[in-house]
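Scroll down for the structure; my scribbles are underneath it.
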Amino acid sequence: MSDILVKIRDLHFSRGTRKIFDGLSMDIPRQGVTAIMGPSGTGKTTLLKIIGGQLRPDQGTVEVDGLNVHKLSTKQLFELRKRMGMLFQSGALLTDLSVFENVAYPLREHTRLNEAMIRHLVLLKLNAVGLRGAAGFMPSELSGGMSRRAALARAIALDPMMIMYDEPFTGQDPISMGVLVSLVSELNSALKICSIVVSHDVPETLSISDYAHIISAGKVVESGDPESLRNSKSEWTRQFIHGVADGPVPFHYPAKPLLEDLYG
Amino acid sequence: MFSRLINKIQHLGVVTIAVFQRLGSASVFLLEVVASCPGVFVKPSLLIKQLYSVGVQTLIIIVVAGLFVGMVMALQSYYALVDFGAEDSVGVMVALSLLRELGPVVTALLFAGRAGSALTAEIGLMKATEQLSGMEMMAVNPMQRVVAPRFLAGVFSMPLLATIFSAVGVLGAYLVAVELLGLDSGAFWSQPQDKVDLYLDLYNGIIKSVVFGVVVAWIAVFEGYDCIPTSEGLGQATTRTVVHSSLAILFLDFVLTALMFAK
Amino acid sequence: MTSRKIEILVGLFVAASIAAFFMLAMSVSNMSSYSGGESYQIKANFDNIGGLKVRSPVAAGGVRIGRVVDIEYDNESYVASVTMEVSAKYNKFPLDTAASILTSGLLGEQLLGFEPGAEEDYLKDGDVIDLTQSALVLEQVIGQFLYSKADE
């Protein structure tokens, strides 16, 4: 049982003519919260989809728990996915099922447990995220934060070995944000799993991460634990981590000099 | 001026290739859907639910439309035949028109507009809200759970609906011909009994409606699955479903009629 | 909407369409001519069959008793040979029954009419009717009429 759960080597991926990943390599440890951060549009969601086998890289390998994801047969891939939980940005709850039914869905599909056991498990999972009282609601009746929590309960239904979070904190009010942040951290330590958080909410994400990778232009720019990233020597990393308005990523979109534009 | 012409031709070429490419990906999609169909019968409740939303909910439109179409046919046939003293043949005319053509075709057009667009919208919305992705990541095959049941429901519902349409149409025609216009009810029923053939007319009509069902269901689920996952993309997809289905129905109707009813 | 209610409605839907199918099959189509049960075959030769077609009705006294199943032109004897199936319950046609091609209704639908003769033996499967009257060909009728007028 190696220390590293997800091993990505020399990943190349393009969408149309745009090159999204250009020789990306990273290691994600088996236990702990690992953050993958970067500016919008760097393909962080795409990376999660590649790890989950939904997208195929043009080049390079992705290994999860020693298995090369893209060389698996469909059946083997489905078996692997049962051990992965994924929390989508929008929650992705099935809209025609109640919260309870949504969380029960993976249990009903993949296990042969009887109804009583399923009910116990579902209620326990919902309790872990604080939504046991909302079990009967339909997804359309939930607020954004609540539907993410419900989706989280669903993601842990099968007790996976890793959970991937796609921008979990984006657009949340302070209380929901606080709830989600503490949930990610507590679940990770309680279940002793690997949590991969893809985000660009730097303060929140770094506050719970054990390790972080920063991606830009299709490669890993810097990796390290939160403290070392905050004190990084790299200008680029400093601009990103501290949210500085002008730096390696310029404030002004490339244009003629101002005087020329006004009087030229 | 010449270069503009070249550009137009080039554009036409690009569009044509894009059409073929889309047709190809749609065909591959159809094969995947058909391959997932046997899996649906493992969990028939999905199919039943779709039969309800696709079939039962289209029933009202079909019954009302069938009634009015039958009534209009009776009126028009009467006006056409009464000059020849052949008004007793109204029953035959209506029955043949409904069973051979109007039943399958009008039902299919209404079905494409109501149920087809609804299927596209449902699947497209599930794609846009990442529910399909979510299912994949939960190791559930969205083809089997979402697409195939809807496809099968469309294929099964069409012949059922077309039969009901024709039957209601004949009844509507009866109401108009016998009650309203005063034709002899015996003649109304007995002439078709001679002229309308069980195999040639009734069965062929059903075969037509099955073919239409496959085509409409195919287009509807494909457009939904393939749509651009934004609200505009969804709107475009549902429009495409209705337009393409309607054109395909009319074209296939011609082909099938030529094959089936040629002497 | 509980799943039980849904199942009931779907069941009703399917039942309704089956009922519609039977209604159409029984009352509107010629299903009875297919389920007519036993039948026997008779042949008859005509000079001209006019508009008679395969599946045209065969009637006696105006009542439908069978249908035409095959029409062929005999190259040897230069006649049109018509094969028909008659329902087995009408098995008492004498050997000298006459078969004529009649027109029913104004739309010109043609049918084969049987006029029973007086013989004692009855037509059996495979028999050939000798007494036949061909269809009226419009040109011949007009020609006859003109000649008869000219004679007067």
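The values are calculated or read from the model by the stated rules, or taken from the named source; none is laboratory data. Model, not experiment: these values are computed from the prediction. As a convention, Cβ positions derive from the backbone with ideal geometry for all residues, glycine included, and neighbour counts pool all protein chains shown. Only protein heavy atoms, including side chains, enter the accessible area calculation; ligands, DNA and RNA are left aside. Shrake-Rupley method; radii C 1.70, N 1.55, O 1.52, S 1.80 Å.
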Across region C:95-126, what is the number of residues that are part of a strand (DSSP E or B), away from chain B (no Cβ under 14 Å) and under 16 Å from C:Phe46 (Cβ atoms)? 8
From the options A:Gly224, A:Gly243, A:Gly218, residue that is loosely packed, with under 13 Cβ neighbours inside 10 Å, on the phi > 0 side of the Ramachandran plot and of a type in the set (Gly, Ala, Ser): A:Gly243
Condition first: open to solvent by 50 Å² or more (accessible area, probe 1.4 Å) and among the hydroxyl-bearing types (Ser, Thr, Tyr). Now tell me which residues in region C:133-152 satisfy that. C:Tyr147, C:Ser148
Considering only residues that are within 14 Å of chain B (Cβ to nearest Cβ) and either acidic (Asp, Glu) or open to solvent by 50 Å² or more (accessible area, probe 1.4 Å) (or both), which ones fall in region A:50-66? A:Arg56
Which condition from (1) open to solvent by 30 Å² or more (accessible area, probe 1.4 Å); (2) closer than 24 Å to B:Ile207 by Cα is the one that B:Gln21 breaks? (2)
Applying the selection to region B:180-239, what residues are among the acidic types (Asp, Glu), over 30 Å from C:Ser104 (Cβ atoms) and either open to solvent by less than 30 Å² (accessible area, probe 1.4 Å) or within 14 Å of another protein chain (Cβ to nearest Cβ) (or both)? B:Glu223
With over 14 Å from the mean Cα position of the chain (by Cα), over 28 Å from B:Leu171 (Cα atoms) and modelled with pLDDT of 85 or more as the only criterion, which of C:Ser77, C:Ser81 stands out? C:Ser81
Only helices (runs of 4 or more DSSP H) wholly contained in region A:192-264 count here; list those with 1 or more residues that are closer than 29 Å to A:Asp65 by Cβ and within 22 Å of the chain's Cα centre (by Cα). A:202-208, A:226-230
Which ones in region B:216-243 are free of Cβ contacts under 8 Å to residues at least 40 places away in the same chain and within 18 Å of B:Val106 (Cβ to Cβ)? B:Val243
Scanning region B:82-95 residue by residue, those among the hydrophobic types (A, V, I, L, M, F, W, C) and open to solvent by less than 20 Å² (accessible area, probe 1.4 Å) turn out to be B:Ala86, B:Val90, B:Val92, B:Val94, B:Ala95
Residues of region C:71-94 satisfying the condition of being over 12 Å from C:Asp47 (Cα atoms) and open to solvent by less than 70 Å² (accessible area, probe 1.4 Å): C:Ile71, C:Thr83, C:Met84, C:Glu85, C:Val86, C:Ser87, C:Ala88, C:Phe93, C:Pro94
Does any residue of region B:76-91 turn out to be closer than 27 Å to C:Ser3 by Cβ, in contact (Cβ under 8 Å) with a residue 12 or more places away in the chain and in contact with a helix residue (DSSP H, G or I) (Cβ under 8 Å, 6 or more places away or on another chain)? no
Only one of A:Leu131, A:Leu126, A:Leu93 is touching a residue at least 60 places away in the same chain (Cβ under 8 Å) and under 23 Å from the mean Cα position of the chain (by Cα); which? A:Leu93
Quick one: which of B:Leu98, B:Leu30 is open to solvent by less than 50 Å² (accessible area, probe 1.4 Å), touching a residue at least 12 places away in the same chain (Cβ under 8 Å), in a helix (DSSP H, G or I) and within 13 Å of chain C (Cβ to nearest Cβ)? B:Leu98
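So that you can scan it fast, the table gives a plain yes or no per residue for (1) more than 10 Å from the chain's Cα centre (by Cα); (2) modelled with pLDDT of 80 or more; (3) not hydrophobic (A, V, I, L, M, F, W, C):
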| position | (1), (2), (3) |
| --- | --- |
| C:Gly61 | yes, yes, yes |
| C:Arg64 | no, no, yes |
| C:Val86 | no, yes, no |
| C:Pro94 | yes, yes, yes |
| C:Ala99 | yes, yes, no |
| C:Gly108 | yes, no, yes |
Kindly evaluate B:Leu175 against the criterion of being more than 14 Å from chain A (Cβ to nearest Cβ) and either of a type in the set (Lys, Arg) or free of Cβ contacts under 8 Å to residues at least 60 places away in the same chain (or both). no
Of those in region A:75-124 that are small (Gly, Ala, Ser) and more than 7 Å from every other protein chain (Cβ to nearest Cβ), the residue surrounded by the fewest Cβ atoms within 10 Å (Cβ to Cβ) is A:Ala116
Out of B:Ile61, B:Ile9, report the one residue that is at pLDDT 90 or above, surrounded by fewer than 17 Cβ atoms within 10 Å (Cβ to Cβ) and β-branched (Val, Ile, Thr). B:Ile9
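So that you can scan it fast, the table gives a plain yes or no per residue for (1) outside any strand (DSSP E or B); (2) within 14 Å of another protein chain (Cβ to nearest Cβ); (3) at pLDDT 85 or above:
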residue: A:Leu5; (1), (2), (3): no, no, yes
residue: A:His12; (1), (2), (3): no, no, yes
residue: A:Asp22; (1), (2), (3): no, no, yes
residue: A:Met26; (1), (2), (3): no, no, yes
residue: A:Val33; (1), (2), (3): no, no, yes
residue: A:Thr42; (1), (2), (3): yes, no, no
residue: A:Thr46; (1), (2), (3): yes, yes, yes
